[in-house]
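What follows draws every value from the coordinates through simple rules; no lab data is involved. Predicted model, so just to flag it, every value in this text is computed and none were measured. Here the Cβ positions follow ideal geometry from the backbone for every residue, glycine too, while neighbour counts run over all protein chains shown.
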Amino acid sequence: MNAAKSLITSVFNPNANANWASQTTLAIVRAVVGIMMIHNGLDKLADIEGFAAAYVEYLGLPFPITLSYIAAFTELIGAPLLIIGLFTRPAAFGLFSTMCVAMYHHVKVAGLSLPYLELSAIYASIFLYFTINGAGLFSTDALLANGLDRTALSNQAKRIMRLENAFDTEGLGETVQKSEVPAQ
């Protein structure tokens, strides 16, 4: 049971620089990129047959309509998960995969032309970052990691998340409060 709990905790636990500014920036990046991906997913669904013909069939992939729906729903489900920071690593990996296919399509159509590649490459690199590092401290994943294992996050990370008083882990909340009160 402990091994399973440890594995689950590691999926949610972010690799985090415990600093407020960097964590805020990660949350903003997640929100902005997530909103853009929702827009992309909706565009695919608006003309699924056109997308399937122009992109998926062109690559010679089987079941173009099915794969087009998978790409659209990966973006429509993965992006909101990325925004709220829930199941961030698997969601980001799915989005990274769709961007790798997009980059392959751009290379096949236009060669190594940067104007065609740049947006999908930027998205892919951002999603790869979140696949490897997780959502950061301002995320549902970090709350779940803390809930599953009170020692998963450092005391500094909990202070940044303002959890030190909400979750008293082994008396750490009392220790922080006592150390902040000046001696009389």
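Label-to-label distance, Leu119 versus Arg159, with points set 7 angstrom from Cα along the beta-carbon direction: 4.3 nm. Remark on the chain: ratio of C-alpha radius of gyration to 2.2 N^0.38 Å is 1.28. Restriction of the chymotrypsin sites (Phe, Trp or Tyr not before Pro) in the stretch 50-139 to DSSP coil positions whose beta-carbon has at most 15 other beta-carbons within 10 angstrom yields Tyr58. Helix 2-12 versus the longest principal axis of the chain: what angle, 0 to 90°, nearest 10, using Cα atoms? For 2-12 against the chain, the angle is about 60 degrees. Applying 1/(1 + (r/R0)^6) with R0 = 45 Å to the Cβ-Cβ distance of Phe63 and Trp20 gives a FRET efficiency near 0.45.
So what does the Cα-only Debye profile of the stretch 9-105 read at q = 0.12, 0.14, 0.21 Å⁻¹, as log10 I(q)/I(0), no solvent term? Normalising to I(0) and taking log10 leaves -0.44, -0.56, -1.01.
Sorted fewest first by neighbouring Cβ atoms within 10 angstrom, Asp47, Asp149, Asp141 come out as Asp47, Asp149, Asp141.
Over the chain, Cα pairs under 8 Å with separation of 6+ residues give a relative contact order of 29 percent.
Fewest-first ordering of Ser120, Ser6 by other beta carbons within 10 Å of each residue's beta carbon gives Ser6, Ser120.
Per DSSP H run of n ≥ 4, the term is -39500 (n - 2.57); total these for the chain, divide by its residue number, and report the mean residue ellipticity at 222 nm rounded to 500 deg cm²/dmol. That calculation yields -23000 deg cm²/dmol at 222 nm. Taking Lys and Arg as +1 and Asp and Glu as -1, the other residues whose beta-carbon sits under 12 Å from that of Gly78 total +1. Compared with the dominant principal axis of the Cα atoms in the chain, helix 64-84 is inclined by about 20°.
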